[in-house]
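Have a look at the structure below before the remarks.
Values in this text are rule-based calculations from the coordinates and carry no lab data. Since the model is a prediction, treat every value here as computed from it, not as a measurement. As a convention, Cβ positions derive from the backbone with ideal geometry for all residues, glycine included, and neighbour counts pool all protein chains shown.
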Amino acid sequence: MEKQIVLTGIKPTGMPHIGNYLGAIKPALALSEKYESRFFIADYHSLNSIKDPAELRGYTYEIAACWLAAGLDPEKVLFYRQSDVPETFELTTMIMAFTSKGLMNRAHAYKAQLDINREKGKPDDHNVNMGLYTYPVLMAADILLFDTNLVPVGKDQVQHIEMAADIAEAVNRNYKEQLLTIPEAYVSESTKTVLGMDGRKMSKSYNNTIPLFLPEKKLKKQLNKIVTNSQEIEEPKDPDTCNVFALYKLFATKEQQDALAERYRAGGMGWGHAKAELFEVMNEVIKPMRDRYDELMVDKSYIDEVLVKGARKARVLAGEKISHMRKVMGVDG
Ligand code: ADP
Ligand code: TRP
């Protein structure tokens, strides 16, 4: 089998949450054990929503520290910041010429804004900047620039990867060669949609997240706010319809899950107990990573160093790809 290239990016728009970690970061790191991998911080994607420079810079460090604390080894994985690879933006312009406006009309982030506007009786274009509208093209460029085969993401991003594949096919068709590799989404089945505090998909947009590296006390407090029903302590409870148990399953061993499910069904256990059990298993997994995260955020020079090196390596690969593309396209002056 040919060598597979794995690539994924995360927008710096706030500290990653448990959904980002289980849905994207962890599966990506597992793939990086086997395949050549490229992970990056999608800071230009964030610019659509984050307009305060200090805030954007801060979030960028947070995402970098999260990846490193979660186990990314920069000697093995190419790790960089999107804005450090300007070839991305050249490729964006190139593929724009092969992207139909109709395709962008169907993109879910844009459609979600449209729905909000219609609900509120605002014009369709309200709060739609061109960055949001062309978001999937920039994302396609991120992916296609590095000849990516597999893109580990949560379920919500699959549409964007299908669009990147459509765009790549349109380019290849025109030049009658396999100029761009056709990417495929890689969605981890058990964590494709991690549910949040209220049982909906965990998302910054719904304000129902559990941030990955909350200090211990705050994590405990946050878990206590998970929405449960109003059953009394003595009543038997159903683990399969409980938000606390849904999260517990993602961190506990099979034996632990069975034992807690038993306590649910037996009655005599209150929600406070279930939440305390959740804290224990979650904190055990998170604690070593949180300690490393805190260290990295105190002295950011290591992150700076890693990103400078990553940028250098990424630009070599990207430069080769872009000069080849220019030649094939006839823009090599
Ligand atoms: P958010 O929806 O909180 O803004 P992002 O869009 O920044 O999250 O997502 C970053 C990565 O994490 C993407 O690959 C996305 O698919 C994944 N992801 C986000 N939320 C979840 C979730 N609740 N479950 C699984 N994966 C998720
Ligand atoms: N759109 C992705 C998100 O919202 C982030 C992203 C940008 C990305 N470029 C990418 C993900 C390329 C995978 C590959 O989460």
Query raised in the report: Ser205 to Asp332: FRET efficiency via 1/(1 + (r/R0)^6), r the Cβ-Cβ distance, R0 41 Å, to the nearest 0.05?
Result: 0.45
Query raised in the report: Quick one, what does Rg over Rh come out to for region 177-251 if you take C-alpha atoms and the Kirkwood Rh?
Result: 1.16
**Report entry** Whole-percent pair-distance distribution, where bins are 10 Å wide, for the alpha carbons of region 115-200
**Finding:** 15, 33, 30, 18, 3, 0
Requested in this report: Collect residues whose amide H, placed 1.01 Å from N in the peptide plane, falls under 5 Å from the amide H of Gly9; neighbours closer than 5 in sequence don't count.
Outcome: Phe40
Report task. Figure the gain on full extension for Lys51 and Ile182 (residue separation times 0.36 nm, minus the Cα-Cα span) and round it to one decimal in nm. Result -> 43.9 nm
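Most exposed first by the Cβ proxy, i.e. fewest other Cβ within 10 Å, how do Ser188, Ser49 rank?
Numbers: Ser188 18, Ser49 14.
Placing the least packed residue first, the sequence is Ser49, Ser188.
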Report task. May I ask which residue of Leu91, Pro136, Gln113 lies farthest towards the positive end of the charge dipole of region 76-146, with charges of +1 (Lys, Arg) and -1 (Asp, Glu) on Cβ and the Cα centre as origin? Result -> Gln113
Query raised in the report: Thinking of region 279-323 as a set of Cα atoms, what percent of all their pairs are more than 13 Å apart?
Result: 68 percent
Report summary line: Computed from the beta carbon distance with a Förster radius of 22 Å, FRET efficiency for Asp156 and Lys76 to the nearest 0.05 stands at 0.20
Requested in this report: Report the Stokes-Einstein translational diffusion coefficient (µm² s⁻¹, integer) for region 199-333, Rh taken as the Kirkwood radius over Cα pairs, at 20 °C with viscosity 1.002 mPa s.
Outcome: 115 µm²/s
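So for region 161-234, averaging the separation of alpha carbon pairs under 8 Å that are six or more residues apart and normalising by length, what relative contact order in percent results?
Numbers: 50 pairs, mean separation 14.6, N = 74.
Taking the mean separation of contacting Cα pairs over the length of region 161-234, I get 20 percent.
For the chain, what is the charge dipole size about the Cα centre, in debye to the nearest 20, if Lys and Arg each add +1 at the Cβ and Asp and Glu each add -1 at the Cβ?
Values: 44 positive and 46 negative charges, 103 e Å.
Dipole of the chain, to the nearest 20 debye: 500 debye.
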Report summary line: Taking alpha-carbon centroids only, region 262-307 lies from region 186-230 a number of Å equal to 12 Å
Query - region 120-207: Lys pairs at Cα distance under 19 angstrom, eight or more positions apart or on different chains - result: 5
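Taking every pair of Cα atoms in the chain, average 1/r, invert it to obtain the Kirkwood radius, and report Rg/Rh to two decimals.
Details: Rg = 21.7 Å, Rh = 21.5 Å.
Radius of gyration relative to Kirkwood radius: 1.01.
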Report summary line: To the nearest 10 degrees, the tilt of helix 271-298 (Cα long axis) against the first principal axis of the alpha carbons of the chain is 40 degrees
Query raised in the report: In Å, what Rg and Dmax follow from the Cα atoms of region 96-147?
Result: 12.6, 43
Query raised in the report: Where a Cα-Cα gap under 19 Å defines reach, which aspartates and glutamates qualify for Lys218, not counting those fewer than 8 residues away within the same chain?
Result: Glu62, Asp198, Glu277, Glu280, Glu284, Asp291, Asp294, Glu295
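Computed from the mean reciprocal separation of all distinct C-alpha pairs, what Kirkwood hydrodynamic radius does region 127-261 have, in Å?
Values: mean 1/r = 0.0548 Å⁻¹.
Here the Kirkwood hydrodynamic radius works out to 18.3 Å.
Mind pulling the per residue volume of the convex hull built on the Cα atoms of region 53-102? Å³ is fine.
Here the figure is 144 Å³ per residue.
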Query raised in the report: In what order do His17, His273 fall by count of nearby beta-carbon atoms within 10 Å, going from fewest to most?
Result: His273, His17
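Relative contact order for region 1-147: what percent, with Cα pairs under 8 Å and sequence separation of 6 or more? Provide the component values of the computation, followed by the final result.
Numbers: 148 pairs, mean separation 38.4, N = 147.
In percent, rounded to a whole number, it is 26.
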Report task. Compute the distance in nm between two label points, each set 7 Å from the Cα along the Cα-to-Cβ direction, one at Leu103 and one at Asn172. Result -> 1.3 nm
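Of all DSSP beta bridges in the chain, what percent run antiparallel (nearest 5)?
Working: 2 of 16 bridges.
Of those bridges, close to 10 percent are antiparallel.
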**Report entry** With eigenvalues of the C-alpha gyration tensor scaled by 5 and rooted, region 1-114, Å
**Finding:** 24, 20, 15
Query - Where trypsin sites (Lys or Arg not before Pro) in DSSP loops with at most 10 other Cβ within 10 Å are excluded, longest remaining stretch of the chain - result: 177-333
Report task. Largest first and in whole Å, give the semi-axes of region 14-77's equivalent ellipsoid, each being the square root of 5 times a Cα gyration tensor eigenvalue. Result -> 23, 12, 10
